[in-house]
Amino acid sequence: MRNKIVAGNWKMNKTLQEGIELAKGVNDLLKKNAPKCTVILGTPFIHLTEVVKTVDNKLIKVSAENCADKEKGAYTGEVSAAMVKSTGAEYVILGHSERRGYYGETYEILKEKVQLALANGLKVIFCIGESLEEREANKQNAVVKAELEGSVFNLSAAEFANIVIAYEPIWAIGTGKTATSDQAEEIHAYIRSVIADKYGKEVAENTSILYGGSCKASNAKELFAKPDIDGGLIGGASLKPEDFYGIIEAYN
Ligand code: PEP
C-alpha cells in the first residue's frame with residue numbers, strides 16, 4: 001500500500017510565534033486522535049527549526065516550501081537543501097505554481113533543486129498542474145507530462161522513490177474552485193500511467209500522488225476515496241488547526 005499523506009503549505013503566512021502556535025495546535029489534536037496518514041507541515045524557512053522542536057516527530061513531519069538551485073556560496077538570501085536538512089525537516093515542496101509563475105522557476109532550475117534536495121536526504125513533494133487556459137484547451141495531460149519529463153524523469157528509479165507528486169490545477173488554488181473528484185481521479189490515473197511508462201508499474205503503484213486546490217474538510221473525503229488520489233496538499237485550510245485536522249480526519 002502506498003503512503004497516504006496530508007501536507008499543509010503555509011506559504012508566506014504566520015509570524016514565527018503564530019507558526020509555533022499553529023504547529024502546537026495541530027500536534028495537540030493529533031495527540032488525542034493519532035492520524036491514519038502521514039501528516040506534514042510545510043512552513044517558511046524561519047519556522048522550520050522551531051516547528052521541528054514543537055511537534056512529535058511520530059505524528060508530524062516537517063517540510064520546507066522551497067530550496068536553492070545551488071549547493072552553497074555567494075547567493076545572498078538563498079537557503080540550500082543542506083541548510084533545510086540541518087533543521088530536522090524531512091521534506092521540501094518544489095515546483096509549486098506560485099514559484100514557477102512569480103519567481104520564474106523553469107524545468108531546468110527545478111531539476112537542479114530536486115537533485116540537490118535528494119542528494120541532501122530530503123524527500124520532495126513535486127507540484128505539477130495546468131492553468132485554466134490549458135485546461136480549457138484540453139492540454140492538461142500534455143502539461144503535467146512535460147513538467148514531469150522536464151524536472152524529475154532524469155532521476156533513477158531509486159531516486160524517484162523519494163518523490164511525492166502533488167497535482168495542483170492552478171485554477172483551483174486558493175480560488176474556492178475544486179476539481180471534481182472525477183476530474184481529479186482522471187488526471188491522477190493519467191499521471192500514474194506516465195510514471196509507469198517511465199519507471200514501470202511497481203514504481204508507479206508505490207508513488208503517492210496528492211491533490212491540491214481548495215481542498216477542505218467538506219470535500220477531502222470524496223477526493224481521497226478515489227483510487228489514484230493518495231491525499232492532499234493543502235494551502236488555505238492548513239492555516240487553522242481545526243480546519244487542517246478536519247482534512248486529516250478524512251482518513252479516520
Ligand atoms: C496550494 O497552494 O498548494 C494549495 C493547494 O492552496 P489552496 O488549498 O489554498 O487552494
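The values are calculated or read from the model by the stated rules, or taken from the named source; none is laboratory data. Computed from a prediction, not measured in an experiment: that's the story for all the values here. As a convention, Cβ positions derive from the backbone with ideal geometry for all residues, glycine included, and neighbour counts pool all protein chains shown. These area figures cover heavy atoms from the full protein model, side chains too; ligands, DNA and RNA do not enter into them. Shrake-Rupley method; radii C 1.70, N 1.55, O 1.52, S 1.80 Å.
Could you please give the count of residues in region 170-183 that are open to solvent by less than 40 Å² (accessible area, probe 1.4 Å), away from the ligand (no atom under 12 Å from the Cβ) and in contact with a Pro (Cβ under 9 Å, 6 or more places away or on another chain)?
So the count comes out to 0.
Looking for something modelled with pLDDT of 95 or more and out of contact with any Gly (no Cβ under 9 Å at 6 or more places or on another chain) - is there at least one such residue anywhere in region 235-244?
No: zero hits.
Pairs, please: C-beta under 6 Å, at least 6 apart or cross-chain, first residue small (Gly, Ala, Ser) and in region 74-93, second part of a helix (DSSP H, G or I) and open to solvent by less than 40 Å² (accessible area, probe 1.4 Å)?
Short answer, once both residue conditions are applied: Ala81/Leu116; Ala81/Ala117; Ala89/Leu48.
Looking only at region 208-244, which residues are over 16 Å from the mean Cα position of the chain (by Cα) and closer than 21 Å to Asp28 by Cα?
Those that are over 16 Å from the mean Cα position of the chain (by Cα) and closer than 21 Å to Asp28 by Cα: Ala217, Lys240, Pro241, Glu242, Asp243.
Given the criteria at pLDDT 95 or above, in contact with a Cys (Cβ under 8 Å, 6 or more places away or on another chain) and within 16 Å of the ligand (Cβ to nearest atom), does Ser63 qualify?
Considered against the rule, which asks whether it is at pLDDT 95 or above, in contact with a Cys (Cβ under 8 Å, 6 or more places away or on another chain) and within 16 Å of the ligand (Cβ to nearest atom), Ser63 comes out as no.
Looking at (1) in a loop (DSSP other than H, G, I, E, B); (2) without any contact (Cβ under 8 Å) to a residue 40 or more places away in the chain; (3) more than 12 Å from the ligand (Cβ to nearest atom), which is the one condition that is false for Asp228?
Single failed check for Asp228: (2).
Where in region 1-113 are the helices (runs of 4 or more DSSP H), entirely inside, with at least 2 residues that are closer than 23 Å to Pro169 by Cβ and open to solvent by less than 10 Å² (accessible area, probe 1.4 Å)?
Details: elements: 16-32, 48-54, 81-86, 97-102.
In region 1-113, no matching helices (runs of 4 or more DSSP H) lie anywhere.
Only one residue in Ala137, Ala146 is in contact with a helix residue (DSSP H, G or I) (Cβ under 9 Å, 6 or more places away or on another chain) and either free of Cβ contacts under 8 Å to residues at least 24 places away in the same chain or among the small types (Gly, Ala, Ser) (or both), so which one is that?
Working: Ala137 fails: in contact with a helix residue (DSSP H, G or I) (Cβ under 9 Å, 6 or more places away or on another chain).
Unique residue meeting the criteria: Ala146.
Just the residues that are within 19 Å of the chain's Cα centre (by Cα) and not β-branched (Val, Ile, Thr), please, taken from region 28-57.
Scanning region 28-57 gives Pro35, Lys36, Cys37, Leu41, Gly42, Pro44, Phe45, His47, Leu48, Asn57.
Between Ala220, Ala250, Ala237, which is over 17 Å from Asn33 (Cβ atoms) and either in a helix (DSSP H, G or I) or among the aromatic types (Phe, Trp, Tyr) (or both)?
Numbers: Ala220 fails: over 17 Å from Asn33 (Cβ atoms); Ala250 fails: over 17 Å from Asn33 (Cβ atoms).
The unique qualifying residue is Ala237.
Conditions first: (1) more than 19 Å from Ile93 (Cα to Cα); (2) open to solvent by less than 30 Å² (accessible area, probe 1.4 Å). Gly235 passes all but one, so which condition is the exception?
(1)
In region 184-210, what residues are of a type in the set (S, T, N, Q) and either modelled with pLDDT under 95 or surrounded by 18 or more Cβ atoms within 10 Å (Cβ to Cβ) (or both)?
Looking only at region 184-210, we keep the residues that are of a type in the set (S, T, N, Q), and these are 193, 206-208.
Those that are of a type in the set (S, T, N, Q) and either modelled with pLDDT under 95 or surrounded by 18 or more Cβ atoms within 10 Å (Cβ to Cβ) (or both): Thr207, Ser208.
Counting only residues that are in a helix (DSSP H, G or I) and surrounded by fewer than 20 Cβ atoms within 10 Å (Cβ to Cβ), which one in region 114-138 is farthest from the ligand (Cβ to nearest atom)?
By that ranking, first place goes to Ala119.
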